[in-house]
Amino acid sequence: MRGYDQHQQKMFSYLSPESRVPQNHPLRPIRIIVDKALKELSPVFQELYARKGRPSIAPERLLRSLLLQILYSIRSERMLVEQL
């Protein structure tokens, strides 16, 4: 079963991620482009996942994290989790 991409703004902190990232940061326009592309791919993702079972981590979230790993040249997924 496919998990859904839900943003939890204030789960671990009183400051939102949006307030921590400067307005002129280069990742802001990249995120807009990536969100648009992932929204277009959402029906494709829906077809790939089973209808029953435990919900997975949203594929959109996984792809965003892999993109950050590439952009910041982080060598492993374990290091990515530490950096996040």
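The values are calculated or read from the model by the stated rules, or taken from the named source; none is laboratory data. This one's a predicted model, so the numbers in the text were calculated from it and none came from an experiment. Cβ sites come from the backbone with ideal geometry, for glycine too, and all protein chains shown count toward neighbours. To get the accessible areas, we keep the full protein, side chains included, count just its heavy atoms, and leave off ligands, DNA and RNA. Shrake-Rupley method; radii C 1.70, N 1.55, O 1.52, S 1.80 Å.
Below, the figures for the structure above:
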{"read-out": "Accessible-area composition of the range 24-83, carbon plus sulfur, in percent [1.4 Å probe]", "value": "63"}
{"read-out": "Whole-number accessible area per residue in Å² for the chain, which is evaluated in the context of all protein chains at 1.4 Å", "value": "87"}
{"read-out": "The range 25-84: trypsin sites (Lys or Arg not before Pro) in DSSP coil with no more than 16 other Cβ atoms inside 10 Å", "value": "Arg51, Lys52, Arg75"}
{"read-out": "The chain: mean projected area of Cα convex hull, nm²", "value": "6.6"}
{"read-out": "The chain: most fluctuating residue of Ser73, Ser19, Ser56 per GNM, C-alpha cutoff 10 Å", "value": "Ser19"}
{"read-out": "Nearest-ten-degree value, helix 59-71 long axis tilted from longest Cα axis of the chain", "value": "40"}
{"read-out": "Karplus 3J(HN,Hα) series, Hz, for the range 18-23 with 6.51 cos²θ - 1.76 cosθ + 1.60 (x for Gly, Pro)", "value": "4, 7, 7, 8, x, 4"}
{"read-out": "Vicinal HN-Hα couplings computed from phi for the range 32-49 (Karplus, 6.51 cos²θ - 1.76 cosθ + 1.60; Hz; Gly/Pro x)", "value": "4, 5, 5, 4, 5, 5, 5, 5, 5, 7, 3, x, 5, 4, 4, 5, 6, 9"}
{"read-out": "Karplus-derived 3J(HN,Hα), 6.51/-1.76/1.60, for each residue of the range 73-84, Hz, glycine and proline x", "value": "6, 8, 6, 9, 5, 5, 5, 4, 4, 4, 5, 5"}
